[in-house]
Amino acid sequence: QVQLVESGGGLVQAGGSLRLSCGASGGTFSSYNMGWFRQAPGKDREFVAAIRRSTGTTYYADSVKGRFTISRDNTKNTVYLQMNSPRPEDTAVYYCAAFAGYGSLFTISNYDAWGQGTQVTVSS
C-alpha cells in the first residue's frame, strides 16, 4: 500500500501562487492514478484535479480549470498541484490520493490511499 505525504500548504494572497507536493512511498508510484481533493469547513470533500498513470492525461474541476495545474514526476515519486490565481473560496484542506484500479478518477471512493492533508488559506 502506498503512503502519501502532502506539503507546501500555507497562507497565500488571492492572485498569488502556491505549489503543493505529494510524495509517495511503499508502492510503485507509476502504477497509480493520482488525484487532488479538497475539503472546506462544513463541506464535503470534493474533486480538484487528477492525472492518469499511463497517459498523463489530466482532469480538472470546473472551478479550478485554467488556474490550477496537476503534474507528476515518476522519477521523484511525486505529484504536484500548481495553484495560480487562488481565490478565497479555494481555502480548504487539500488531500492527495492514489488509485491503482480502473474507473473514474473523479470518484472519491475509487481511491485506495490518502495523505493526511495540507491546509491552504487564501486571503483576500
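Couple of notes before you dig in:
- Verdict on T75 being open to solvent by 60 Å² or more (accessible area, probe 1.4 Å), at pLDDT 95 or above and hydroxyl-bearing (S, T, Y): yes
- Taking the criterion of being of a type in the set (A, V, I, L, M) and within 14 Å of V64 (Cα to Cα), the residues of segment 1-53 that qualify are A14, L18, V48, A49, A50.
- Filtered residue count, segment 1-34, keeping only those that are within 20 Å of G101 (Cα to Cα), among the small types (G, A, S) and buried (at least 16 other Cβ atoms within 10 Å of the Cβ): 3
- Qualifying residue in segment 52-59 (condition: within 21 Å of V122 (Cβ to Cβ) and touching a residue at least 12 places away in the same chain (Cβ under 8 Å)): no
- Failed item, numbered, when T91 is tested on (1) over 14 Å from G115 (Cα atoms); (2) open to solvent by 50 Å² or more (accessible area, probe 1.4 Å); (3) of a type in the set (S, T, N, Q): (2)
- Exactly one residue among G27, G35, G23, G8 is touching a residue at least 24 places away in the same chain (Cβ under 8 Å) and more than 25 Å from S109 (Cβ to Cβ), and that residue is G8.
- Residues within segment 50-64 that are within 13 Å of the chain's Cα centre (by Cα) and farther than 18 Å from Q119 by Cβ, tallied: 7
- Hits in segment 48-72 - residues which are assigned to a strand (DSSP E or B), within 24 Å of E89 (Cβ to Cβ) and open to solvent by 30 Å² or more (accessible area, probe 1.4 Å): T58, Y59, Y60, T69, S71
- Residues within segment 97-114 that are open to solvent by 20 Å² or more (accessible area, probe 1.4 Å), touching a helix residue (DSSP H, G or I) at 6+ places or on another chain (Cβ under 7 Å) and touching a residue at least 60 places away in the same chain (Cβ under 8 Å), tallied: 1
- Members of segment 78-96 that are part of a loop (DSSP other than H, G, I, E, B) and either touching a residue at least 60 places away in the same chain (Cβ under 8 Å) or more than 29 Å from G15 (Cα to Cα) (or both): S85, P86, R87
The values are calculated or read from the model by the stated rules, or taken from the named source; none is laboratory data. Since the structure is predicted, the reported quantities are computational estimates derived from the model, not experimental observations. Glycine gets a Cβ as well: all are built from the backbone with ideal geometry, and neighbour counts include every protein chain shown. Surface areas here come from the heavy atoms of the whole protein model, side chains and all, with no ligands, DNA or RNA. Shrake-Rupley method; radii C 1.70, N 1.55, O 1.52, S 1.80 Å.
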